[in-house]
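Working notes, structure below.
The values are calculated or read from the model by the stated rules, or taken from the named source; none is laboratory data. Model, not experiment: these values are computed from the prediction. So basically every Cβ, Gly included, is an ideal-geometry build from the backbone, and we count neighbours across all protein chains shown. Surface areas here come from the heavy atoms of the whole protein model, side chains and all, with no ligands, DNA or RNA. Shrake-Rupley method; radii C 1.70, N 1.55, O 1.52, S 1.80 Å.
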Amino acid sequence: MRVKGNDYRALEPPAVWTPALTVSVIIPAYGGQHRLDLVLQALARQTYPERLTEIIVVDNGSSPPLRLPADAPAGTTLLTCPAPGRAAARNTGLAHATGDVIHWLDSDVLLTPGAVEAHMRWHHRAAYLAVTGYIRFTDAPIPAELPDDLEKALEPAQPHAWIVDLVERTRGLTDNPQRPFSIHVGGATSVNARLIAAAGPMDEDLILGQDTEMGYRLAQAGAVFVPEPLARAYHLGPTMRMRDKAPIDRISHAYVADRIPAYRWLRSHPGRTWKVPYVAVLVDGTTGYETVRATVDTVLAGTIPDVSVTLTGPWQDLTPDRRHPLTDPNLDLALVHGHYRHDPRVRLAETEDVSPAIPWILRLPAGWAPAEDGLAKLLELARDEGLGLINILLSESPEGLVRARLERTASFARAALVTRPGEDLDDAVDDVSGVTWVEGDSYGFTTTPDIPLGRRSALRTRLDAQAETVRLAKETERLRGQVAKWRDEAGRWRKSAVELRREVGTLRRQLTAANRTQRGLRALLAASLKRAWTRKPG
């Protein structure tokens, strides 16, 4: 049965099953003998068959050295690893492990009795799973002996909050999560051994973040990540990250940024090159100097700066004719070689093999190049729809199709694990991720690319936008000042209107008084005239 994306629900284990796979539980430890004794006691209570379980404890330089208690489960081995670091200790255990499944376990994590069985039920359904249990962090006093009821003795406890949040936000990691590998934590995670062999061991160069970095490589190897709530465990005390999250993140991010391209926010600098680039572009380097250069320079100048280019060709056989270079039949090949041999973003290779850690591969015919933001738009389409392959139709003629291909490495790795004999790999990719076709014109693909200004153009655009933002901010401030001025003016107008109203009222009163006086004078004058007219002459 095939899983599309990370939707493992199609693999739901049956209620009745027969255990058959072996499991190697690897426990790196540094000091903490009593806690280790409790961890081994909890493993002795597991319901998964003891005959199928191997336990490897790796003493990572403890002083005094660790020992195995008398009641350690049968099949428990104690190894030593003097090289400091949990990654080195885990790799020591991994080198000695014989199980079909590797179960990472920390030396301060107590598994509930059915935890290993809950993990193994999933591994019997598919050989490409990474299963993570649910850990709760307890501040309860560490018991002298392992309690019969861990929940009763160690609760109340806190959940692994960010894992619970991630799982809930993505419907159990089934809703096209962009980074499901983040739940690969070493406290209580199990992985198929063949998947680890494909991904490689822990990175011992890392100081912190080894679990997440390995989870990323497991994803690149085709892993499906399953959170299993029935695989319960208790961590004795808080983790180092819970106590000091900010300084832990500061150290971890400084290293994993170079190795995990999916953490895009850690790669904000447009001029950096990284150990693991985000996209590898494969181009045939034998198709002519100008043709190759037009493609390579345009791709490198795009708005996705985190790109490397692999130019394939017989570079090892190249012996430029230094006496007669103009007549050298391999002149164009020599020009390509000389032009790019010192560019850290360009690799000259005999074959198209690229690192499996690179998440995206663009197979691009020489002479063609996308628009400045064409690759960015293709990547956005692939991420949003969870696609494993985008076929880009460039041209069509009676001679056939010319196309480019954007491939998700993880999807092709998963497809390779489930491909049936004789089946086309692209068909399997369609089942596990999805395949689509797009028109190259829609993403600006052309054989006559513009002058590849790329990031310079993007920078200029950003600077113009910033200048426009400053201008608009100043204009806003000017308008705010004008509004304030208008408000002050309106206040003065309102005050003047009040004063005018008062003056008008006074004038009206004065006019009324004048009118009354005028009417009185008129009456007096009329009376005087009347008396004068009626007076008889003497």
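Things worth noting here:
- When the helices of the chain are scored as -39500 (n - 2.57) per DSSP H run of n ≥ 4 and the total is divided over every residue, the value at 222 nm lands at -12500 deg cm²/dmol.
- Heavy-atom surface of the chain, accessible at 1.4 Å and reported per residue (Å²): 53 Å²
- Surface composition of the chain: carbon and sulfur atoms hold 54% of the protein heavy-atom accessible area at a 1.4 Å probe.
- For the stretch 381-393, 3J(HN,Hα) per residue [Karplus equation, 6.51 cos²θ - 1.76 cosθ + 1.60, θ = phi - 60°, Hz, x = Gly/Pro]: 4, 5, 5, 5, 9, x, 7, x, 8, 10, 8, 10, 6
- Residue-wise HN-Hα coupling along the stretch 491-506, computed from phi with Karplus coefficients 6.51, -1.76, 1.60 (Hz; x: Gly, Pro): x, 5, 4, 4, 5, 5, 4, 5, 5, 5, 4, 4, 5, 4, x, 4
- Between ALA231 and TYR134, the built amide H atoms are under 5 Å apart, and every one of these is 5 or more places off in sequence or on another chain.
- Positive-end extreme of charge dipole, the chain - chosen from LEU500, PRO270, THR436 (charges on Cβ): LEU500
- In the chain, the sites counted are GluC sites (Glu not before Pro) in DSSP loop states with at most 13 other Cβ atoms within 10 Å, and the longest stretch holding none of them, exclusive of the sites, is 146-349.
- Nearest-ten-degree value, helix 210-220 long axis tilted from longest Cα axis of the chain: 80 degrees
- Magnitude of the charge dipole, the stretch 116-187, Cβ model with Lys/Arg +1 and Asp/Glu -1, debye to 20: 500 debye
- Among [x] 23.3, 74; [y] 38.8, 162; [z] 24.6, 93, the entry that matches Rg and Dmax of the Cα atoms in Å as calculated here: [y]
- On Cα atoms only, tilt of 289-300 relative to the major axis of the chain in degrees: 70 degrees
- For the chain, the longest principal axis of the alpha carbon atoms and the long axis of helix 245-256 meet at an angle near 60°.
- With a Förster radius of 51 Å applied to the C-beta separation of ASP203 and ALA484, the computed FRET efficiency comes to 0.25.
- If R0 is 25 Å, the Cβ-Cβ spacing of MET1 and ALA95 corresponds to a FRET efficiency of close to 0.20.
- Full-stretch length increase - ARG67, TRP162 - with 0.36 nm per residue and alpha-carbon distance subtracted: 30.7 nm
- Antiparallel DSSP beta bridges within the chain, as percent of all bridges there, nearest 5: 40 percent
- Relative contact order, percent, the chain [alpha-carbon distance under 8 Å, six or more residues apart]: 12 percent
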